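Below you'll find the structure, written out as structure tokens, and then a few comments.
Derivation of every value follows stated rules applied to the coordinates shown; laboratory data play no part. Predicted model, so just to flag it, every value in this text is computed and none were measured. Glycine also receives a Cβ, built like all others from the backbone with ideal geometry; neighbour counts cover every protein chain displayed.
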């Protein structure tokens, strides 16, 4: 069968249900499986991007079912998402901070997935109206018409596109787009999702710097910066328990190794007081030290068990070093 005729046949299977308030977009139903889809007629697009997303689906991205070249446009059939835009969700539902962070992590995961493509996909239009929150609480990133593949060495975008207020300066002809272009938009998104949150202001400021070289280099760096800020205000029980357990062990070992070596009772008493004071100081500090703990690779894991093991390892190392350092100091004349 002729390719064009076959495409026309497949396109005819989608019957319009109603038109949305977005130009060139309508809800259609597939007459074969009676499933709803979004039909979009795009005048600005990158066919390769839609092909890659269609071949590499991700739960945080609106799925592309198929696309058809039209006259001066590209007709795209996308997953129909039952839900509302993040813009509407924030204004009407006023979700708790924990819920907003849960949504943010999903958005970062979705954009990170695009950036990790063999040739990174730059979305270039990240904003609250281009993110859907489903009825089940999931997140779907939509609208890829501004998206493009990263082109190394590009000094200027060939197509200037973006939403004023969230698009990075390079999208308006100042430089070529890369991952940091989306970082800028994510910074603006965080600012909108957490208005007035001074804790996140340093992250927003760095993410939205005019010079791309001074922004976070990738989504992982941005995510880590947000996590470190949250960790400063969150008491963690694992480091405290870990430090307490290992500190008791260190005291026992300290008594065996050091106390018999002291030449006077006064020296032994001083060493006990110094060791005890150090422990009382360290234990509460351990509960809020996770930004430091993140220097341990295990602490950066997404698995809670691995992070807990990292906490215990770090607590063991620090308490042991403290105990034996104090033991050595107290032995000095």
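Return the FRET efficiency for the residue pair residue 210, residue 313: r is the Cβ-Cβ distance, R0 is 41 Å, and the value is rounded to the nearest 0.05.
Calculated transfer efficiency: 0.50.
Place a label point 7 angstrom from the Cα of residue 17 along the Cα-to-Cβ direction, then list the residues of the range 54-82 whose backbone nitrogen is under 11 Å away.
The answer is 80-82, whose backbone nitrogens lie closer than 11 Å to the label point.
Hey, what did the range 15-79 get for relative contact order, percent, Cα under 8 Å, at least 6 apart?
Relative contact order comes out at 28 percent.
Using the per-residue mean of other Cβ atoms lying within 10 Å as a proxy for protection, in what order, highest first, do the peptides 175-182, 114-121 fall?
So the order, starting with the most tightly packed, is 175-182, 114-121.
Taking square-rooted eigenvalues a ≥ b ≥ c of the alpha carbon gyration tensor, is the range 1-53 rounded, prolate or oblate, where a/c under 1.5 means rounded and, failing that, a/b exceeding b/c means prolate?
oblate
I want to check the label-to-label distance for residue 73 and residue 54. Put each point 7 Å from Cα in the C-beta direction and report it in nm to one decimal.
About 1.7 nm, to one decimal.
Could you check the spin-label model distance between residue 198 and residue 10? Points 7 Å from the Cα along Cα→Cβ, value in nm.
Simple spin-label model gives 5.6 nm for this pair.
Calculate, in whole percent, how much of the Cα-Cα pair population of the range 15-79 lies beyond 16 Å.
47
Okay, which of the range 12-55 sit inside 14 Å, backbone N to the point 7 Å along the Cα-Cβ direction of residue 154?
Only 45-50 fall inside the zone, counting backbone N under 14 Å.
At 0.36 nm per residue, minus the direct Cα-Cα distance, what do residue 230 and residue 82 gain on full extension? Give it in nm, one decimal, please.
50.1 nm
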